[in-house]
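Asks: Okay, handing you the structure first.
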Amino acid sequence: MTALSERSTAPKKVRARPKWGDYSLRIVAGLVLLYLFLPIFVIVLFSFNDPAGKFNYTWQGFTLDNWADPFKYPALTEALKLSINIAFVSTLIALVLGTLLAIALVRQRFRGYRAVDTFMILPLTAPEVVMGASLLTLFLDFGWAAGYTTILIAHVAFEVSFIAMTVRARVRGFDWTLEDASMDLGASPTRTFFKVTLPLIVPGIVAAGMLSFALSLDDFIVTYFVSGSTVTYPLYVNAAVKAAVPPQINVLATAILVVSLLLLAAGTLYRRKKVVI
Amino acid sequence: MAGVATSGRQRSKIAPYLMILPALAYLAVFFVVPFFSLARTSLSSSGGSVYLPTLTFDWNFANFADAFTLYKDPILRSFGYAGVATVLCMLLAFPLAYVIAFKAGRFKNLILGLVILPFFVTFLIRTIAWKTILADEGWVVSALGSVGLLPDEGRLLSTSWAVIGGLTYNWIIFMILPLYVSLEKIDPRLLEASRDLYSGGTRSFRKVIFPLALPGLLAGSLLVFIPAVGDFINADYLGSTQTTMIGNVIQKQFLVVKDYPAAAALSLGLMGLILAGVLMYTRALGTEDLV
Amino acid sequence: MSNEIDPRLLSRLAANRTSRRRFLGGSAAAGAAAILGSSFLAACGSDSSSSSGSSSTQDSGGPASGTLRVSNWPLYMADGFIAAFQTASGITVDYKEDYNDNEQWFAKVKEPLSRKQDIGADLVVPTEFMAARVKGLGWLNEISEAGVPNRKNLRQDLLDSKVDEGRKYTAPYMTGMVGLAYNRAATGRDITTIDDLWDPAFKGRVSLFSDVQDGLGMIMLSQGNSPENPTTESITKAVDLVREQKDKGQIRRFTGNDYADDLAAGNIAVAQAYSGDVVQLQADNPDLQFIVPESGGDWFIDTMVIPYTTQNQKAAEAWIDYVYDRANYAKLVAFTQYVPALSDMTDELAKIDPASAENPLINPPAEMQAKLKSWAALTDEQTLEFNTLYAAVTGG
């Protein structure tokens, strides 16, 4: 990733700059991070709640019982696994479609460029309830049964635009002469693409992937229409919440967070080791 | 902002078409076709059975006229809420994205991961948690109340600020990530140089950092604003009877009143308005391209 | 969730897997499958509902068997009930808790049902007005008398229905009272009438239902009209009152079933509510009370219906019959804590959960029941008209 913009070997200058500017920036950033996590703390806390009734709204007392039996509601667990599956697969597909789209739009002007540009925004603007219903009608016209595949198709459809726009933010200002340099040195266009272009826009792709994953995991209305009798995680939670809010929802949510956190930390440590060695 | 390849080398003429083909073909089937049927419905009149109406296409532009006269308020409100939420997202996201891009060093990926983590918990659970934090009797509201910072209604929940807060919180990740991605590729030596040149933080920001961050800012603001305008779920859970957004109207018209032409006309109208807004916005920002 | 896979499903599974492979590309599919193993299979399985839409085929005269797919509201089922049914009947149950809103469900199944395509369920539990609508469209199978001998256990007032003469298409599952819930600590006093909703002391802390029947029923009663014979005038009168109060800022929100958290937190002082929810909330907060307003409230009834695209009519009827056995039904009532649809439940309830048997919200006394009305059968046009009138106020 640091192939050409040699950040890590840039000379570190020691400057006398107003420290407060630097600190206040970090403090503000920290506060924003805190803001992002405020509800998370509540969610984690309430996973230890001990309500007597079916609702988990007010703090009643501390218990580890919920953690002892996190898979108490098999439907919840299954729905979660399904949603992660769909998010993962749909993101992969949409990443391919969207990245190609983003690069093509920036790399060179071509006829119809503006039209494609404008068209890309449209899926973002369409209200979910009508698109969901229209997609369902479409699937039925094709004779497809609503279920896993139709959910996947619908998710990819709305993810592509998000991904294209995010990757594009990275690709703009890309130094295309790098490609020329590579090809001057004898690499084929394909090799250039994979060895030069792609690695430099990877942060954009990763960011787009993360956004797409979050979008898919959270989608309710479109999924509702095209899911048939398949139940995804948001569908389950949205339905369940009206009847009861078992603490197991909090437990599973916390578990996902903890696992992801551990993976992240492991990744960081691993990179550190690599650099040191 | 040179986003386009300027190269003397002969570029493959068909390459771009090949690259956009998969996405366009996919969307042609799974977006354009449903979109056309929506457009058709918006210009139809419905009659016959209540639940399975026959829709006759008859260029019924009255659907649009009715929609916009009846629902002017929710439309304006939605644009307003979304606009404020977008600005808030920009203000909050920038410091964080900046710090991650330039000050985080080896913890960059960790913090980035942290930032997206809350969004793997579904919207509803996050919103319930916020309702717990901002409860009328909770300490947050009491604290703000004693300082006199509460909206007219004397509470935080079920107000327009709660809806805006919900929109901001739920879409901010779509501002942070594109912004980060755009900032991260700025060569820090440029920053050093600009600070030397302008000997001050603000001018260096205005002249160098901001323009370079523009693609990310642009992408981010569109990715936040556009979905926020059509949002209905924040108004549902965090709003009051006075904060109805156009998304709620479309939901109701479609699901409960079952006036499919009206729902379709509102949807299409909304899409058109958003597109127009986006075009004006990008022109104002001075970019040559749409995005 | 089913423990075994129907052989017909297995062959469709194989077919589906190959088509998805083509679609996704081998590695992605392999990756996804590796990640989730069995649940991927389960996901495949649920996709393979047939589109032939043939209605039930097991009229062979033998006992019910095979698989039964049930679609119910979440947490509307007692632990162990399904397993017990499976053991007793030998039928495998694929139980899905994917029913969460009547109109949303209708919007989703409207297209498939109108094309006689399978919707993935052999038995569904909509609220009565929705069941009536679907029956009116001809999309339900009759529930045979022979298949459900326990039908006689139904409450007197539920044996027949205004919207389903002779109770041929709908089988009441659970009922509840629609009334007012209030937080005694927040209100400082007892609430007894609809006028209490409009007390300026509760400004901004009142919530009403956004559904026409649940929301306007009790308001009409307070104005001297009745949901038993609604007219444009009586509905308009009720809607106007709501509009007036909304404009004054009296009403904080229009809710579906999502008022519970506001009530529990004290954000809302008085809410239109369902009895079962309040019973649950009371467990954690004894300040919460439920009353049927003086002028009256109404019943809601959730009913079991069999869509005409069902693939196992007999199993569905066997399920209904099993539910209607008082001993089994008592378990459901003890868990969901709503008002039983069967008569004479006190004894069975007392055996498993004496507290439920004594709870007036689960076993309401005669005076309470007398104040509860049920809605007349509305024509499609009336439903549309009333929905439109009310939607104008609730923000659609």
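Asks: How much net charge surrounds C:Ala265 when only other residues with a Cβ under 9 Å from its Cβ are counted (Lys, Arg +1; Asp, Glu -1)? Mind dumping the intermediate values first?
Replies: Details: positive: B:Lys131; negative: B:Asp136, B:Glu137, C:Asp261, C:Asp262.
Taking every other residue near C:Ala265 into account, the sum is -3.
Asks: Between rounded, prolate and oblate, where does the protein assembly as shown land on the alpha carbon gyration tensor, with a ≥ b ≥ c its root eigenvalues, rounded for a/c under 1.5, else prolate if a/b exceeds b/c?
Replies: Details: a/c = 1.78, a/b = 1.54, b/c = 1.15.
Cα axes put the protein assembly as shown in the prolate bin.
Asks: So in the protein assembly as shown, what percent of DSSP beta bridges are antiparallel if you round to the nearest 5?
Replies: On the way: 26 of 41 bridges.
Of all bridge pairs located within the protein assembly as shown, approximately 65 percent are antiparallel.
Asks: When only Cα pairs under 8 Å and 6 or more residues apart are kept, what is the percent relative contact order across region B:77-243?
Replies: Working: 163 pairs, mean separation 61.4, N = 167.
After rounding, I find 37 percent.
Asks: Find how many whole Å separate the alpha carbon centroid of region A:75-105 from the alpha carbon centroid of region C:191-205.
Replies: Comparing the Cα centres of region C:191-205 and region A:75-105, I get a distance of 49 Å.
Asks: Which whole number gives the average, over all residues in B:261-274, of C-beta atoms from other chains lying within 10 Å of the residue C-beta? It would help to have the intermediate numbers written out before the result.
Replies: On the way: counts 0, 1, 5, 4, 0, 2, 8, 4, 0, 4, 8, 1, 1, 5.
Per residue, the average neighbour count from other chains is 3.
Asks: Let me ask something else. Please average, across the residues of B:236-245, the number of beta carbons from any other chain that are within 10 Å of each residue's own beta carbon, and give a whole number. It would help to have the intermediate numbers written out before the result.
Replies: Numbers: counts 7, 6, 1, 3, 9, 17, 6, 2, 4, 1.
Going residue by residue through B:236-245 and averaging, the value is 6.
Asks: Find how many whole Å separate the alpha carbon centroid of region A:119-181 from the alpha carbon centroid of region B:123-175.
Replies: The distance from the Cα centre of region B:123-175 to that of region A:119-181 comes to 32 Å.
Asks: Give me the inter-chain shielding for B:106-112: mean count of other chain Cβ atoms within 10 Å, whole number please.
Replies: Numbers: counts 5, 4, 3, 6, 7, 4, 5.
Per-residue shielding by partner chains comes out at 5.
Asks: So, by mean Cβ neighbours within 10 angstrom, what's the order for B:73-84, C:277-288 with the highest one leading? Don't jump to the answer; show the numbers that get you there.
Replies: Numbers: B:73-84: 19.2, C:277-288: 21.0.
Final packing ranking: C:277-288, B:73-84.
Asks: Sort C:187-198, B:23-34, B:142-153, A:96-107 by packing, meaning the average of other beta carbons within 10 Å per residue, with the highest value first. Walk me through the numbers on the way to the answer.
Replies: Numbers: C:187-198: 16.4, B:23-34: 18.5, B:142-153: 11.8, A:96-107: 24.9.
Ranked by mean Cβ neighbours within 10 Å, highest first: A:96-107, B:23-34, C:187-198, B:142-153.
Asks: Could you run the Karplus curve 6.51 cos²θ - 1.76 cosθ + 1.60 with θ = phi - 60° over region C:117-126 and give me ³J(HN,Hα) per residue in whole Hz, x for Gly and Pro?
Replies: Result, ordered by residue: 9, 4, 9, x, 9, 9, 8, 10, 10, x Hz.
Asks: Still on this structure, please answer the following. For region C:304-396, what relative contact order do you get, as a whole percent, if you take Cα pairs closer than 8 Å and at least 6 residues apart?
Replies: For region C:304-396, the relative contact order is 17 percent.
Asks: Using the Karplus curve 6.51 cos²θ - 1.76 cosθ + 1.60 with θ = phi - 60°, what ³J(HN,Hα) values do you get for each residue of region B:235-252, in whole Hz, with x for Gly and Pro?
Replies: So the Karplus estimates, Gly and Pro as x, are 5, 4, 8, 10, x, 10, 5, 9, 10, 4, 9, 5, x, 5, 4, 4, 3, 5 Hz.
Asks: Select from chain A the helices, each a whole stretch of DSSP H, whose alpha-carbon atoms run 20 Å or more along the helix axis and whose Kyte-Doolittle mean is at least 0.5; answer none if there are none. Walk me through the numbers before you get to the answer.
Replies: Numbers: long enough: A:19-46 (40 Å, 1.73); A:74-107 (49 Å, 1.69); A:128-142 (21 Å, 1.60); A:148-171 (33 Å, 1.20); A:198-218 (29 Å, 1.78); A:247-276 (43 Å, 1.15).
Span-like helices here: A:19-46, A:74-107, A:128-142, A:148-171, A:198-218, A:247-276.
Asks: I'd like the distance separating the alpha-carbon centroids of region B:52-99 and region C:237-300, in whole Å.
Replies: One Cα centre to the other: 30 Å.
Asks: Right, another one. Which order do the peptides C:205-217, C:336-348 take when ranked by the mean count of other beta-carbon atoms within 10 Å per residue, highest first? Could you put the intermediate results ahead of the total?
Replies: On the way: C:205-217: 24.9, C:336-348: 20.5.
In decreasing order of mean packing, C:205-217, C:336-348 become C:205-217, C:336-348.
Asks: Have a look at A:Ala104, A:Tyr73, A:Ala87 and report the one farthest towards the positive end of the charge dipole of region A:73-245, computed about the Cα centre with Cβ charges (Lys/Arg +1, Asp/Glu -1).
Replies: Going by the Cα projections, it comes out as A:Ala104.
Asks: Another one. What does the charge dipole of region B:135-291 about its Cα centre add up to, to the nearest 20 debye, if the Cβ of each Lys and Arg holds +1 and the Cβ of each Asp and Glu holds -1? Walk me through the numbers before you get to the answer.
Replies: Values: 10 positive and 13 negative charges, 84 e Å.
Result for region B:135-291 is approximately 400 debye, rounded to the nearest 20.
Asks: Charges on Cβ only, +1 for Lys and Arg, -1 for Asp and Glu, centred on the Cα centroid of the protein assembly as shown; of B:Gln251, A:Ser216, B:Val181, which one is farthest towards the dipole's positive end?
Replies: B:Val181
Asks: If you don't mind, there's one more thing I want to ask. Name the residue from B:Leu217, B:Thr86, B:Ala104 whose Cα lies farthest towards the positive end of the charge dipole of chain B, charges +1 on Cβ of Lys and Arg and -1 on Cβ of Asp and Glu.
Replies: Of the listed residues, the answer is B:Ala104.
Asks: Hey, if you drop one equal point scatterer on each alpha-carbon of region B:77-243 and run the Debye formula without solvent, what base-10 log of I(q)/I(0) do you get at q = 0.10, 0.15, 0.16 Å⁻¹?
Replies: Those come out to -0.46, -0.89, -0.97, one per q.
Asks: What does the C-alpha gyration tensor say about the overall shape of chain A? Classify as rounded when a/c is under 1.5, otherwise prolate if a/b is larger than b/c, or oblate.
Replies: Working: a/c = 2.29, a/b = 1.26, b/c = 1.81.
Oblate shape, in that a/c is at least 1.5 and b/c is the bigger or equal ratio.
Asks: Right, here's the next one. Placing +1 at every Lys and Arg Cβ and -1 at every Asp and Glu Cβ, with all other atoms neutral, what dipole size does region A:73-245 have around its Cα centre, in debye to the nearest 20? Provide the component values of the computation, followed by the final result.
Replies: Details: 11 positive and 11 negative charges, 59 e Å.
Roughly 280 debye, rounded to the nearest 20.
Asks: What is the magnitude of the charge dipole of region A:17-105 about its Cα centre, with +1 placed on the Cβ of each Lys and Arg, -1 on the Cβ of each Asp and Glu, and no other charges, expressed in debye to the nearest 20? Let's see the in-between values first.
Replies: Values: 6 positive and 5 negative charges, 79 e Å.
Roughly 380 debye, rounded to the nearest 20.
Asks: Right, another one. Which cross-chain or sequence-distant (5 or more) residues have an amide H under 5 Å from the amide H of C:Leu140, H modelled 1.01 Å from N in plane?
Replies: C:Tyr308
Asks: Further, regarding this structure: Convert each backbone phi in region B:167-177 into a coupling constant with the Karplus relation 6.51 cos²θ - 1.76 cosθ + 1.60 (shift: θ = phi - 60°), then list the ³J(HN,Hα) values in order as whole Hz, x for Gly and Pro.
Replies: Running phi through 6.51 cos²θ - 1.76 cosθ + 1.60 with θ = phi - 60° gives 4, 4, 4, 7, 10, 4, 4, 7, 9, 4, 5 Hz.
Asks: Now for a separate question. Let me see the pair-distance distribution of region C:309-396: every alpha carbon pair, 5 Å bin width, integer percents in order.
Replies: The calculated distribution, bin by bin, is 3, 12, 16, 12, 11, 13, 14, 13, 7, 1.
Asks: Which residues in region B:141-158 have a backbone N closer than 20 Å to a point placed 7 Å from the Cα of B:Leu76 along the Cα-to-Cβ line?
Replies: B:152
Asks: Please list the non-local residues whose amide H lies under 5 Å from the amide H of C:Leu342, H modeled 1.01 Å from N, same-chain partners needing a gap of 5 or more.
Replies: Under 5 Å from the amide H of C:Leu342: C:Arg155.
Every read-out reported here was derived from the displayed coordinates using simple, explicitly stated rules and does not represent laboratory data. These numbers were taken from a predicted model, which means no experiment stands behind them. Heads up, the Cβs are rebuilt from the backbone with ideal geometry, glycines too, and the neighbour counts pull from every protein chain shown.
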